[in-house]
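Have a look at the structure below, then the notes.
The values are calculated or read from the model by the stated rules, or taken from the named source; none is laboratory data. Everything numeric in this text was worked out from a predicted model, so none of it was measured. Positions of Cβ are generated from backbone atoms using ideal geometry, with glycine treated the same way; all protein chains shown enter the neighbour counts.
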Amino acid sequence: MVSSFGYINDSNQLLYILKEKIMNIREKLGLPPKAIPQFGQSRSHAMNSSKKTFKPNIQNKTVVLDGKRYKVKLTTREIRTLDKKGVNLL
C-alpha cells in the first residue's frame with residue numbers, strides 16, 4: 001500500500017485509507033455501516049403499485065473523540081443513540 005518512503009502510490013490507495021479511517025470512527029462510536037436507501041412500493045386504495053425509494057435522514061455532524069473533531073454523516077436515529085450514550089456532538 002505505502003511505498004518504502006512512506007508515500008501513497010496511487011489514488012485508489014488513498015481512497016482505501018480514507019474509507020478505512022471513516023469506518024474506524026463509526027466502529028469507535030459503536031455504529032453499524034453507513035445507512036443506504038431501501039426500496040419498496042406505494043399502494044393506492046385500488047392496490048395500484050408504484051416504485052418508491054425510502055431514503056435515510058442523513059445529517060452532517062461533528063463528533064469529538066479523544067479531543068479530536070471528526071465530520072461524520074449520521075442518521076437521525078444514530079444521533080439520538082449517541083446523545084443517549086453521552087457522546088459530544090457539535
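Checked against the criteria, residue 11 does not count as more than 11 Å from the chain's Cα centre (by Cα) and either surrounded by 13 or more Cβ atoms within 10 Å (Cβ to Cβ) or at pLDDT 80 or above (or both). Restricting attention to the stretch 42-70, the residues being surrounded by 10 or more Cβ atoms within 10 Å (Cβ to Cβ), modelled with pLDDT of 90 or more, in a strand (DSSP E or B) and not aliphatic (A, V, I, L, M) number 6. For residue 21, the stated conditions hold: it is modelled with pLDDT under 85, outside any loop (DSSP other than H, G, I, E, B) and basic (Lys, Arg).
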